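> Pasting a structure here, questions to come.
The values are calculated or read from the model by the stated rules, or taken from the named source; none is laboratory data. The structure displayed is predicted, hence computed values, not measured ones. Here the Cβ positions follow ideal geometry from the backbone for every residue, glycine too, while neighbour counts run over all protein chains shown. What goes into the accessible areas is simple: the full protein's heavy atoms, side chains included, and nothing from ligands, DNA or RNA. Shrake-Rupley method; radii C 1.70, N 1.55, O 1.52, S 1.80 Å.
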Amino acid sequence: MSRIYNFNAGPATLPLEVLETAQAELVDYANTGMSILEASHRGKAYDAVHEEAISNIRELLGISEDYAVLLLQGGASMQFSMVPMNLLSPGKTADYTNSGSWASKAIEEAVKVGNIHIAANCGNEIPTRVPNAEELALTPGASYLHITSNETISGAQWKAFPEVDRPLVADMSSDILSRDFDMSKFGLIYAGAQKNLGPSGLTLVIVRKDLVEAAPKNLPTMLRYTTHIETNSLYNTPPCFSIYILALVTRWIKKMGKATLYKQNVDKAAQLYTAIDNSGGWYKGTAVHTCRSDMNVTFRLPTEKLESAFVAEATKAGFNGLKGHRSVGGIRASIYNAFPTQGVTDLVAFMNDFQRTNG
Ligand code: PMP
């Protein structure tokens, strides 16, 4: 077996032992004589998987009974619409921060639903960054404030969350379960699973139950949070296999110890940023220092030609997925929870070699 170092931004590297468990259990799940892929979502075997995934998430994130944990479909992109449809009361305003590509997409959908105010806009700045809490121009009485906790494309991350007097809503797609945060400060968080949680096809939503009670009664059934709260995310057929992998990934995080994992994430990112900063300006980080992402490390080389050569040689050497997002170019190393430290150390050695040969 030869596995490469996979720096893709999502779908992304999963823990090897999770893949091996899934492989071992694939044909005959827990002596049921069938695969979990074939099991009824109303049956006992699947029910235990569903409950384990939810209870592991509750335990790992310290979620109180005031919140519902929902396992939905439609990606984080669907939440760009569901959040304002359910949480933005008619006649009121919701505040949004624009920190880049993903925040803009959330805003683009929210304006179709109701009144949106941009509380801070640094979405087009280079170097990239997220807003400071001090620059937020908040609307008095707004329904909520939306932030994107980590901009996956630009590699800018909120390091401390703003303290505000209204529910905070966060798109945590690319950094959920990568670091500690206090759920009680948030009204709702959402995340597509395909980075830190498991495979695509599943979206995690954690929402304070009292916030959704006032949602307009004419919302389509599938787009109402209350539908999924009342049915424990079993209103319709859930993405069973993705939820099964989520159960395995969260079991793996519990076994690793989240504190160990979170520290490892900071150490991995620090190795890469140190290599960038020690290159005499040859490698240039694209995010402002104070908000450099621990999940998506973005940088540039002196020319686009060198960037292409870097990606080509890295791929040959077994480092996959380093090309930056097509909208911004450059290099992006996505190093989520399951990405091994050794892969980062090896990439740093490769970067030093590449500079020596081409610099
Ligand atoms: N938000 C962020 C921060 C993302 O990184 C992504 C996907 N890369 C999305 C939203 C969209 O997620 P999905 O593809 O699950 O709709």
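> How many of the residues in the range 68-105 are basic (Lys, Arg) and either within 11 Å of the ligand (Cβ to nearest atom) or buried (at least 22 other Cβ atoms within 10 Å of the Cβ) (or both)? Spell out the reasoning first.
Kept after step one, since they are basic (Lys, Arg), are these residues of the range 68-105: 92, 105.
After this cut, where a residue has to be either within 11 Å of the ligand (Cβ to nearest atom) or buried (at least 22 other Cβ atoms within 10 Å of the Cβ) (or both) as well, the list is 105.
The total comes to 1.
> Ok, one more. Name every residue in the range 131-163 that is β-branched (Val, Ile, Thr) and farther than 27 Å from Ala259 by Cα, in order of residue number.
Thr139
> What pairs can you find where one residue is in the range 260-283 and at positive phi, the other is open to solvent by less than 70 Å² (accessible area, probe 1.4 Å), and their Cβ atoms are less than 9 Å apart, with a gap of 6+ or different chains?
So the pair list comes out as Gly280/Gln355.
> Also, I was wondering about something else. Among (1) within 15 Å of the ligand (Cβ to nearest atom); (2) outside any strand (DSSP E or B), there is one condition Ala160 misses while meeting the rest; what is its number?
Going through the list (1) within 15 Å of the ligand (Cβ to nearest atom); (2) outside any strand (DSSP E or B), Ala160 breaks only (1).
> Any idea which of Ala53, Ala137, Ala30 is closer than 25 Å to Tyr225 by Cβ and at pLDDT 95 or above? Spell out the reasoning first.
Numbers: Ala137 fails: closer than 25 Å to Tyr225 by Cβ; Ala30 fails: closer than 25 Å to Tyr225 by Cβ.
From the options Ala53, Ala137, Ala30, the qualifying one is Ala53.
> Okay, moving on. Which numbered condition trips up Ser327, out of (1) assigned to a helix (DSSP H, G or I); (2) more than 15 Å from Arg3 (Cα to Cα); (3) open to solvent by 60 Å² or more (accessible area, probe 1.4 Å); (4) of a type outside the set (A, V, I, L, M, F, W, C)?
Here Ser327 meets the rest and fails (1).
> For a quick check of your reading of the model, give me the residue pairs whose first member lies in the range 73-90 and is free of Cβ contacts under 8 Å to residues at least 40 places away in the same chain, whose second is in a loop (DSSP other than H, G, I, E, B) and more than 8 Å from the ligand (Cβ to nearest atom), with beta-carbon atoms closer than 7 Å and at least 6 apart or on different chains.
Pro84/Val113; Pro84/Gly114
> Could you tell me which numbered condition Val249 fails, if it satisfies all but one of (1) within 23 Å of Leu72 (Cβ to Cβ); (2) open to solvent by 60 Å² or more (accessible area, probe 1.4 Å); (3) assigned to a helix (DSSP H, G or I)?
(2)
> To continue, here is another question. Run Ser308 past the list (1) under 20 Å from the mean Cα position of the chain (by Cα); (2) open to solvent by 20 Å² or more (accessible area, probe 1.4 Å) and report the number of the one that doesn't hold.
Ser308 satisfies all of (1) under 20 Å from the mean Cα position of the chain (by Cα); (2) open to solvent by 20 Å² or more (accessible area, probe 1.4 Å) except (1).
> Do you know which residues across the range 17-45 are among the charged types (D, E, K, R), farther than 18 Å from Thr237 by Cβ and touching a residue at least 12 places away in the same chain (Cβ under 8 Å)?
First pass over the range 17-45, keeping only residues among the charged types (D, E, K, R): 17, 20, 25, 28, 38, 42, 44.
Filter once more, keeping what is farther than 18 Å from Thr237 by Cβ: 17, 20, 25, 28.
Passing the criteria: only Glu17.
> Can I ask one more? Please determine, by comparing only the residues of the range 138-157 that are away from the ligand (no atom under 13 Å from the Cβ) and more than 17 Å from Ile107 (Cα to Cα), which one is least open to solvent (accessible area, probe 1.4 Å). Break it down into steps so the answer makes sense when it comes.
Here is the first cut: in the range 138-157, the ones away from the ligand (no atom under 13 Å from the Cβ) are 138-145.
Filter again for more than 17 Å from Ile107 (Cα to Cα), leaving 140-141.
On the way: Pro140: 118, Gly141: 52 Å².
This residue is Gly141.
> To continue, here is another question. Among the residues of the range 54-67, what is the count of those that are more than 15 Å from Ile176 (Cα to Cα), surrounded by 13 or more Cβ atoms within 10 Å (Cβ to Cβ) and touching a residue at least 60 places away in the same chain (Cβ under 8 Å)? Break it down into steps so the answer makes sense when it comes.
Keep residues of the range 54-67 that are more than 15 Å from Ile176 (Cα to Cα), which gives 55, 64-67.
Filter once more, keeping what is surrounded by 13 or more Cβ atoms within 10 Å (Cβ to Cβ): 55, 67.
Filter once more, so that each one left must be touching a residue at least 60 places away in the same chain (Cβ under 8 Å): 67.
Number of matching residues: 1.
> Separate question: Quick one: would you say Ser173 is within 22 Å of Asn265 (Cα to Cα), open to solvent by 10 Å² or more (accessible area, probe 1.4 Å) and within 15 Å of the ligand (Cβ to nearest atom)? Outline the logic, then answer.
Numbers: within 22 Å of Asn265 (Cα to Cα): yes; open to solvent by 10 Å² or more (accessible area, probe 1.4 Å): yes; within 15 Å of the ligand (Cβ to nearest atom): yes.
It is true that Ser173 is within 22 Å of Asn265 (Cα to Cα), open to solvent by 10 Å² or more (accessible area, probe 1.4 Å) and within 15 Å of the ligand (Cβ to nearest atom).
> Right, something else. Return the only residue of Glu135, Glu108 being charged (D, E, K, R) and open to solvent by 70 Å² or more (accessible area, probe 1.4 Å).
Numbers: Glu135 fails: open to solvent by 70 Å² or more (accessible area, probe 1.4 Å).
Answer to the selection: Glu108.
> Taking the stated definitions as given, is Ser173 under 25 Å from Phe299 (Cα atoms) and either outside the structural domain of Arg251 (by TED's automatic domain parsing) or not in a strand (DSSP E or B) (or both)? If you could, list the steps in order and put the result at the bottom.
Working: under 25 Å from Phe299 (Cα atoms): yes; either outside the structural domain of Arg251 (by TED's automatic domain parsing) or not in a strand (DSSP E or B) (or both): yes.
Against the criterion (under 25 Å from Phe299 (Cα atoms) and either outside the structural domain of Arg251 (by TED's automatic domain parsing) or not in a strand (DSSP E or B) (or both)), Ser173 qualifies.
> Tally the residues that are out of contact with any helix residue (DSSP H, G or I) (no Cβ under 7 Å at 6 or more places or on another chain) and closer than 14 Å to Ile243 by Cβ, restricting the search to the range 50-69.
Result for the range 50-69: 3.
> To continue, here is another question. For residues that are of a type in the set (Val, Ile, Thr) and under 22 Å from the mean Cα position of the chain (by Cα), scanning just the range 119-137, find the one that is farthest from the ligand (Cβ to nearest atom).
Here is the first cut: in the range 119-137, the residues of a type in the set (Val, Ile, Thr) are 126, 128, 130.
Now drop any that are not under 22 Å from the mean Cα position of the chain (by Cα), which leaves 128, 130.
Numbers: Thr128: 13, Val130: 12 Å.
Checking each candidate, the answer is Thr128.
Yes/no per residue for (1) free of Cβ contacts under 8 Å to residues at least 24 places away in the same chain; (2) in contact with an Asp or Glu (Cβ under 8 Å, 6 or more places away or on another chain); (3) within 15 Å of the ligand (Cβ to nearest atom):
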{"site": "Asp180", "(1), (2), (3)": "no, no, no"}
{"site": "Gln194", "(1), (2), (3)": "no, no, yes"}
{"site": "Gly198", "(1), (2), (3)": "no, no, yes"}
{"site": "Arg208", "(1), (2), (3)": "no, yes, no"}
{"site": "Thr221", "(1), (2), (3)": "yes, no, no"}
{"site": "Tyr225", "(1), (2), (3)": "no, no, no"}
{"site": "Asn236", "(1), (2), (3)": "yes, no, no"}
{"site": "Cys240", "(1), (2), (3)": "no, no, no"}
{"site": "Lys254", "(1), (2), (3)": "no, yes, no"}
